[in-house]
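Here's the structure we're looking at; comments come further down.
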Amino acid sequence: MSKDKKVMNELKSFIYTQLKKKYNKCLWPKSDCTENCIKAHSIQNGQILDQLASNNHVVMAVPTQNLNTGPEIEFQQVGRNLATTFTGLCQKHDSELFRPIDINEFDVSNQQQKFLIAYRSVLRELHTRIKAAIDLQTPYQKIVELGKCDPNNRDISELVTNTLANACDFYLYKQEYDKIYNTNSFTKIEHKCIRIERNCPLAVSSLFDPIKSIIGRKRLKPKLIVLNVFPQKQDTIILLSYLRDHQEDLRPYANEIINASVEDQLYLLSKTILRYCENFVISPQHFNLFSQEKIDTIKNFYLATLTLIDLDHNDKNLMLF
Ligand SMILES: [Zn+2]
């Protein structure tokens with residue numbers, strides 16, 4: 001084996017090992033917690049995943065990193081005890097934080113419940129962004145160390161810097177939610193909630209950034225909509241949440257979904273989920289009804305919007321509901 005090839009293999013194995021590592025830090029907002037983290041559910045397990053799972057499995061879009069050909073995704077059955085989990089809370093703080101939504105049924109008039117649903121999405125997102133920054137930063141250092149990358153190569157160093165900046169910006173955003181939690185000032189979040197009298201075949205816990213994609217690459221303070229979709233018995237619940245301070249900018253985007261007809265709502269949501277979210281699960285029973293053509297259309301749209309976030313086209317195959 002040539003020396004070059006040996007170095008490349010060493011690097012690939014280092015990157016794969018890094019990608020498998022867990023970032024383990026309890027994000028409890030009231031104090032610094034150093035307890036070991038559990039696999040905390042970002043989508044409620046007992047009520048929501050239970051309703052969607054078949055044989056204890058749900059379907060998820062699982063990203064696979066192919067270092068030769070770039071990112072790919074596969075829809076795979078994932079055990080419900082692993083699905084949508086993140087190692088961002090210890091056992092004690094996960095149950096303390098989310099008990100009100102874990103033991104009670106969703107009540108649209110309850111401000112604390114709506115806040116906690118959104119907060120859970122925010123914590124998972126922070127964990128994901130920090131891990132992404134570490135996953136990029138660590139191999140980058142290794143690449144430089146192995147002499148495989150010119151540290152003055154601005155494209156790569158810019159990508160590393162942007163991912164770190166992205167995690168830092170989001171850390172500040174998460175602190176807004178911490179303050180609300182610590183002071184019980186739940187009304188500082190505005191929610192738009194709709195109930196559709198139709199079976200819900202999927203669940204989402206994620207955030208999206210409708211503004212940045214329009215303004216382009218300029219770095220702005222994140223103004224995000226938290227999106228949660230989940231079944232409650234025979235109905236579909238859609239919950240859009242954002243900081244009241246951001247309402248002027250975000251309300252028009254939320255209203256676009258809220259004010260649409262039911263069919264359009266579900267179609268708009270499907271495209272929003274595929275464009276911006278990776279943390280969603282589909283019931284296997286529902287997914288099994290998808291044709292191969294539909295699955296391919298969904299995968300292509302999901303992958304294309306990873307790099308071209310504004311890409312848009314209409315195709316009934318993008319309907320997830
Ligand atoms: Zn803790």
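The values are calculated or read from the model by the stated rules, or taken from the named source; none is laboratory data. This is a predicted model, so every value here is computed, not measured. Cβ placement follows ideal geometry from the backbone for every residue including glycine, while neighbour counts extend to all protein chains displayed. Side chains included, ligands, DNA and RNA excluded: accessible areas come from the protein's heavy atoms. Shrake-Rupley method; radii C 1.70, N 1.55, O 1.52, S 1.80 Å.
Name the single residue, out of those in the range 27-46 being out of contact with any strand residue (DSSP E or B) (no Cβ under 8 Å at 6 or more places or on another chain) and closer than 27 Å to P231 by Cβ, that is surrounded by the most Cβ atoms within 10 Å (Cβ to Cβ). Steps first, answer last, please.
Filtering the range 27-46 for residues out of contact with any strand residue (DSSP E or B) (no Cβ under 8 Å at 6 or more places or on another chain) gives 29-32, 45-46.
When the remaining residues are screened for being closer than 27 Å to P231 by Cβ, the result is 45-46.
Working: N45: 17, G46: 10.
My answer is N45.
Read through the list (1) out of contact with any Asp or Glu (no Cβ under 8 Å at 6 or more places or on another chain); (2) surrounded by 14 or more Cβ atoms within 10 Å (Cβ to Cβ), then give the number of the only condition that V262 fails.
Of (1) out of contact with any Asp or Glu (no Cβ under 8 Å at 6 or more places or on another chain); (2) surrounded by 14 or more Cβ atoms within 10 Å (Cβ to Cβ), only one is false for V262: (2).
Across the range 282-321, what is the total count of residues that are among the small types (G, A, S) and either assigned to a helix (DSSP H, G or I) or touching a Pro at 6+ places or on another chain (Cβ under 6 Å) (or both)?
Qualifying residue count for the region: 2.
Name the pairs whose Cβ atoms lie under 6 Å apart, with the first residue in the range 89-102 and at negative phi, the second open to solvent by 50 Å² or more (accessible area, probe 1.4 Å) and within 13 Å of the ligand (Cβ to nearest atom), and 6 or more positions between them or separate chains?
What qualifies is C90/E35.
Let me spell it out: the conditions are (1) within 29 Å of A304 (Cα to Cα); (2) in a helix (DSSP H, G or I), and P222 meets all of them except one. Which number is the exception?
Going through the list (1) within 29 Å of A304 (Cα to Cα); (2) in a helix (DSSP H, G or I), P222 breaks only (2).
Mind counting the residues in the range 99-119 that are within 16 Å of the ligand (Cβ to nearest atom) and touching a His at 6+ places or on another chain (Cβ under 8 Å)?
0
Determine which single condition E35 fails, assuming it passes every other condition in (1) within 16 Å of the ligand (Cβ to nearest atom); (2) closer than 30 Å to N9 by Cβ; (3) not hydroxyl-bearing (S, T, Y).
Here E35 meets the rest and fails (2).
Return yes when I73 is farther than 17 Å from S205 by Cβ, under 19 Å from the mean Cα position of the chain (by Cα), in a helix (DSSP H, G or I) and not polar (S, T, N, Q) and no when it is not.
So I73 does not fit the description; no.
Return the pairs, sorted by first residue and then second, in which the second residue is loosely packed, with under 13 Cβ neighbours inside 10 Å, the first residue lies in the range 52-70 and is under 20 Å from R198 (Cα atoms), the beta carbons are less than 6 Å apart, and the residues are 6+ apart or on different chains.
S54/Q285
Any idea which of L308, L269 is within 21 Å of the chain's Cα centre (by Cα) and open to solvent by less than 10 Å² (accessible area, probe 1.4 Å)?
Among L308, L269, only L269 is within 21 Å of the chain's Cα centre (by Cα) and open to solvent by less than 10 Å² (accessible area, probe 1.4 Å).
If L159 meets every condition in (1) part of a loop (DSSP other than H, G, I, E, B); (2) open to solvent by 70 Å² or more (accessible area, probe 1.4 Å) apart from one, which number is that one?
(1)
Which of the residues belonging to the range 58-70 are surrounded by fewer than 17 Cβ atoms within 10 Å (Cβ to Cβ) and farther than 11 Å from E278 by Cβ?
Filtering the range 58-70 down to residues surrounded by fewer than 17 Cβ atoms within 10 Å (Cβ to Cβ) leaves 62-70.
Once the filter is applied, which keeps residues that are surrounded by fewer than 17 Cβ atoms within 10 Å (Cβ to Cβ) and farther than 11 Å from E278 by Cβ, the range 58-70 yields T64, Q65, N66, L67, N68, T69, G70.
Could you tell me how many of the residues in the range 230-244 are in contact with an Asp or Glu (Cβ under 8 Å, 6 or more places away or on another chain) and not hydroxyl-bearing (S, T, Y)?
The number of residues fulfilling the criteria is 5.
Condition first: in contact with a helix residue (DSSP H, G or I) (Cβ under 9 Å, 6 or more places away or on another chain), within 16 Å of the ligand (Cβ to nearest atom) and of a type in the set (A, V, I, L, M, F, W, C). Now tell me which residues in the range 41-98 satisfy that.
Hits for the range 41-98 are F86, L89, L97, F98.
Name, by its number, the condition in (1) modelled with pLDDT of 95 or more; (2) open to solvent by less than 60 Å² (accessible area, probe 1.4 Å); (3) closer than 24 Å to A167 by Cα that does not hold for I211.
(1)
Which of the residues that make up the range 273-321 are at pLDDT below 95 and of a type in the set (V, I, T)?
Result: T305, T307, I309.
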